[in-house]
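For reference, the structure discussed in these notes is given below.
The values are calculated or read from the model by the stated rules, or taken from the named source; none is laboratory data. What you see is a predicted model; the values in this text were computed from it and never measured. Neighbour counts run over all protein chains shown; Cβ positions are idealised from the backbone, glycine included. To get the accessible areas, we keep the full protein, side chains included, count just its heavy atoms, and leave off ligands, DNA and RNA. Shrake-Rupley method; radii C 1.70, N 1.55, O 1.52, S 1.80 Å.
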Amino acid sequence: MHAMKQPAQQFLHFASNLLLPAQCPSCHELVHRAGLCSACWAHLKRITPPACWQCGRGFDFDAGVSRCGKCLTTPPDFDRGAAALRYTAMSKRLILGLKYGGRHDTTPALAQMMASCGNILLQQADWIVPLPLHWTRHWRRGYNQSAELARAVMRVAGIAKAYYRPDLLLRIKRTENQGHKTRAQRFENMRGAFRTHDPAAHIKGAKILVIDDVLTTGASLSSAARCLKRAGAKEVAILVAARVG
Ligand SMILES: [Zn+2]
Ligand SMILES: [Zn+2]
């Protein structure tokens with residue numbers, strides 16, 4: 001369905017670019033080139049080293065440790081991770097626009113930042129997998145924002161399309177909105193949410209990079225990583241646009 005829609009969408013995008021000047025996807029200010037305006041750029045909180053190598057959490061100061069306290073005491077099921085931004089009002093606006101507003105003009109800016117902080121993970125991955133939505137949600141939304149991000153990140157990082165494998169992981173459980181749930185409830189809710197699909201044993205022994213938009217508690221990504229590891233993945237890394245905390 002997506003492949004059929006794309007040429008028409010691309011044409012509309014091209015036509016609207018000829019007719020209308022570009023707007024900042026966050027504040028709708030007119031900009032010379034597509035992407036965020038300089039004021040909005042300045043409000044984003046990029047995560048730069050030092051950061052936890054397992055979950056991507058940015059450290060406020062360099063204490064000479066490689067993992068954060070949470071990963072040391074209750075490690076997630078993924079082995080490594082990177083996040084481009086802290087989840088602030090500004091990054092939230094960008095991501096909610098991508099998720100619910102169909103604002104795909106935010107994707108290139110987010111992809112650029114993700115490709116830069118996740119460069120090593122991207123280069124080392126055998127397969128790159130977007131965190132899947134349950135098909136009912138995918139159908140309602142018309143797209144998966146994580147897949148949009150994954151494809152854009154791969155383009156920026158110059159990674160061949162053959163590494164993109166949205167088919168390896170399926171979401172089999174329809175989970176309600178996690179927004180109001182506690183950390184423990186989120187982990188419980190995500191139990192058994194994914195299933196692998198691997199007819200040619202592509203997962204066994206592979207290094208897999210899972211891409212998603214936001215990491216809140218890490219419950220979804222951890223559940224996906226556990227599922228991939230059970231299917232024999234050697235290493236699971238994650239790359240997200242923004243993370244809470
Ligand atoms: Zn702006
Ligand atoms: Zn951590």
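The one condition from (1) within 14 Å of the chain's Cα centre (by Cα); (2) in contact (Cβ under 8 Å) with a residue 24 or more places away in the chain that residue 175 does not meet is (1). Only a single item in (1) among the acidic types (Asp, Glu); (2) part of a loop (DSSP other than H, G, I, E, B); (3) closer than 24 Å to residue 121 by Cα is not met by residue 176, and it is number (3).
So that you can scan it fast, the table gives a plain yes or no per residue for (1) more than 19 Å from residue 164 (Cβ to Cβ); (2) under 16 Å from the mean Cα position of the chain (by Cα); (3) more than 16 Å from ligand 1 (Cβ to nearest atom):
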site: 60; (1), (2), (3): yes, no, yes
site: 70; (1), (2), (3): yes, no, yes
site: 73; (1), (2), (3): yes, no, yes
site: 86; (1), (2), (3): yes, yes, yes
site: 109; (1), (2), (3): yes, yes, no
site: 113; (1), (2), (3): yes, yes, no
site: 138; (1), (2), (3): no, yes, yes
site: 147; (1), (2), (3): no, yes, yes
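Among residues that are touching a strand residue (DSSP E or B) at 6+ places or on another chain (Cβ under 7 Å), under 25 Å from residue 219 (Cβ atoms) and within 15 Å of ligand 2 (Cβ to nearest atom), residue 69 is not included. The C-beta contact set for segment 93-113 (first residue over 15 Å from residue 212 (Cβ atoms), second residue open to solvent by 50 Å² or more (accessible area, probe 1.4 Å) and outside any helix (DSSP H, G or I), distance under 9 angstrom, 6+ apart or interchain) comprises 93/27; 97/103; 105/23; 105/34; 108/34; 109/34. Taken together, the residues in segment 204-217 that are at pLDDT 95 or above and surrounded by 20 or more Cβ atoms within 10 Å (Cβ to Cβ) amount to 9.
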